[in-house]
Amino acid sequence: MNKILLIGKTGSGKTSLIQSLQGEDVIYRKTQAITFNGMFVDSPGEFLENRRLYPALMTSSVSCNIIALVQDATAINSVFPPKFASMFKKRMIGIITKVDKKMSHPERAEKFLRRAGTDEIIRTSVTEDIGLELLRAVITRE
Ligand SMILES: Nc1nc2c(ncn2[C@@H]2O[C@H](COP(=O)(O)OP(=O)(O)OP(=O)(O)O)[C@@H](O)[C@H]2O)c(=O)[nH]1
Ligand SMILES: [Mg+2]
């Protein structure tokens with residue numbers, strides 16, 4: 001079974017995605033620590049926002065074979081440094097969230113994710129059920 005670590009800014013929608021893919025009700029709950037849920041490893045946004053916490057992300061990535069960089073489609077900037085993906089010697093994917101929102105700009109989000117070093121990018125919305133089947137197919141692929 002694949003194991004996926006989700007990394008993204010605070011509020012980018014990592015936990016909502018996991019809840020949705022796990023068939024759970026999507027309920028807002030701030031992630032306070034590395035959290036395991038089925039095939040997913042959820043991380044708090046602070047681990048990405050604070051570079052001193054990168055080692056915690058690296059440690060969490062060891063047991064995973066896919067790393068997903070999560071970018072909010074409404075965000076006008078990105079906290080992923082260029083080539084962030086190259087820190088992980090793993091299969092990397094990019095997930096764009098909240099494409100349902102009026103202010104969303106998926107092309108901009110895609111540019112941020114490409115700059116970070118991901119090639120395979122999926123656009124999603126948990127509220128409108130967009131891209132979730134595709135994402136499921138991508139992350140269950142061996
Ligand atoms: N409209 C819309 N809102 C979303 C979507 N996904 C998440 N949200 C909202 O975004 C907010 C933050 O979502 P979370 O899933 O908690 O974000 P997170 O990345 O886990 O945040 P941290 O745990 O703080 O790192 C919540 O209020 C969600 O309801 C989406 O696809 N569309
Ligand atoms: Mg969370």
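Okay, here's what the table says:
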item	result
Convex hull volume per residue in cubic angstrom - Cα atoms of the chain	98 Å³
Relative packing of peptides 12-21, 51-60, 25-34, 85-94 - highest average C-beta neighbours within 10 Å first	12-21, 85-94, 51-60, 25-34
Rel. contact order, % - alpha carbon contacts under 8 angstrom, at least six apart, the chain	24 percent
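Since every read-out is calculated from the coordinates, none of them should be taken as a lab result. Keep in mind that what you see is a predicted model, and the values were worked out from it rather than measured. In this analysis, Cβ positions are derived from the backbone assuming ideal geometry, glycine residues included, and neighbour counts consider all displayed protein chains.
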